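Here the structure is laid out as structure tokens; the discussion comes afterwards.
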Amino acid sequence: MQNKKSFELLNLLKELVKTSEINVKNYALKTALSERTIRRYLSDIREYFGEDSIMITSRGNYIAVDKDLLSTVLLPSQKESDEFEKLIDLLHIINPGFTKVLPSAYKRIDDKLGKELADAFLIKGSPHEKPINIEILSQLKKAIKFRKYCDIYSEGRWLKEVKALKIIYCKGNWQLAVINPQDPQNNGFSVIRLCFIDKVNIHSHTFNISTYTENFIRNLESFWDGYKCEPYLCEVAVSDEILKFFKVKKFFKTQNIAESLQNSWTKITFEITSDDMILMLACRWFPDFIIISPISARDKFSELAKRYLLNLNVKF
């Protein structure tokens, strides 16, 4: 019965995409469905795609406002198929064997692409990262694609009415960039490890993403960037032992090797949007990396060092 309903819903979607409008009475005669069932299906489609996805005319007919949006669940075009294959390739490279949990029809595609990739690549996946939950990944993709609010259960607590912005793969880990309007820290922006997410509930109502937010995500330099924060100057000193790493790599795009200091140390400046950005580097290059300014970041790192010294006294 469920398969029959899915088939009828897909046919109704196709009709919405290819025709100018649907008359319920005529469509009922054409398909042998009851008018009540058709209206229920149309209501289901509006709930899935948003209340504004289908408009009711003055004559009582139904019109798809955005046919491209509705067609996203139908058969893909050749261009979309090509893009999908590129995505499969990429996922194989960064997360080998991810399609083992998919239905058999997808596994046949996976076997073909996997063999082709094996001729060119030897991929070593991270043995320590918990495998991503494909079902949760699929739900988050849907929430992002249709910009639907969702509730996320992560690390023993619910994050309510969250805006899921982008799924990010970085340095062997899957992450989710979100805006939580209820969280005042960093204006609600944070990044969550996907392996810490246990459940996702998607709401029917949608949200908009500003141009600023889209650019912020696109130009993110670290997971600690300040959201809706003005950049400010940060000065650090690095020892001669680690200076070579900063000469060959810019850890942030504003990095500038400023001047030589006493005792073979060198001053480096950055434009940062949060103290946490520089604390990450200070922890990485400790003890050969000293924060000069801002004082707030210097004090925060001093507190981290004090905590470390206190923990040395803990009996294990």
Taking first residues from the range 268-284 that are within 15 Å of F246 (Cβ to Cβ) and second residues anywhere that are part of a helix (DSSP H, G or I) and open to solvent by 20 Å² or more (accessible area, probe 1.4 Å), the pairs with Cβ under 6 Å that are 6 or more apart or on different chains are A282/F301
Applying the selection to the range 35-57, what residues are open to solvent by 50 Å² or more (accessible area, probe 1.4 Å), of a type in the set (S, T, Y) and within 16 Å of K148 (Cβ to Cβ)? Y48
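Scan the range 267-299 residue by residue and report those that are in a loop (DSSP other than H, G, I, E, B) and open to solvent by less than 70 Å² (accessible area, probe 1.4 Å). Let's see the steps before the verdict.
Step one: of the range 267-299, the residues in a loop (DSSP other than H, G, I, E, B) are 273-274, 286-288, 294.
T273, S274, D288, P294, listed by residue number.
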Would you point out the residue of the range 107-152, among those that are among the hydroxyl-bearing types (S, T, Y) and loosely packed, with under 15 Cβ neighbours inside 10 Å, that is modelled with the highest pLDDT? S138
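Please work out which residue is least open to solvent (accessible area, probe 1.4 Å), limiting yourself to the range 206-230 and to residues that are part of a loop (DSSP other than H, G, I, E, B) and in contact (Cβ under 8 Å) with a residue 60 or more places away in the chain. I'd like the intermediate steps shown before the answer.
Applying the first criterion (part of a loop (DSSP other than H, G, I, E, B)) to the range 206-230 yields 207-210, 219-230.
Filter again for in contact (Cβ under 8 Å) with a residue 60 or more places away in the chain, leaving 207-209.
Details: F207: 11, N208: 134, I209: 40 Å².
Going through the qualifying residues, I end up with F207.
For the range 256-266, which residues satisfy the criterion of being part of a strand (DSSP E or B) and either open to solvent by less than 40 Å² (accessible area, probe 1.4 Å) or in contact with a helix residue (DSSP H, G or I) (Cβ under 7 Å, 6 or more places away or on another chain) (or both)? Don't jump to the end; show me each part of the working.
Let us first name the residues in the range 256-266 that are part of a strand (DSSP E or B), namely 256-260, 266.
Listed by number, the residues that qualify are I257, T266.
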Every pair of residues 6+ apart whose Cβ atoms lie under 9 Å, when the first sits in the range 56-67 and is farther than 14 Å from N26 by Cβ while the second is at pLDDT below 80 and open to solvent by 90 Å² or more (accessible area, probe 1.4 Å): V65/D52; D66/D52
Right, S20: part of a loop (DSSP other than H, G, I, E, B), farther than 20 Å from A143 by Cα, touching a residue at least 24 places away in the same chain (Cβ under 8 Å) and open to solvent by 60 Å² or more (accessible area, probe 1.4 Å) or not? yes
When L13 is run through (1) open to solvent by less than 90 Å² (accessible area, probe 1.4 Å); (2) not β-branched (V, I, T); (3) not in a helix (DSSP H, G or I), the failure sits at (3)
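The values are calculated or read from the model by the stated rules, or taken from the named source; none is laboratory data. Because the structure is a prediction, the values reported are computed rather than measured. Methodologically, a virtual Cβ is constructed for each residue, glycine included, from the backbone with ideal geometry; neighbour enumeration extends over all protein chains shown. Surface accessibility is based on the protein's heavy atoms, side chains included, excluding ligands, DNA and RNA. Shrake-Rupley method; radii C 1.70, N 1.55, O 1.52, S 1.80 Å.
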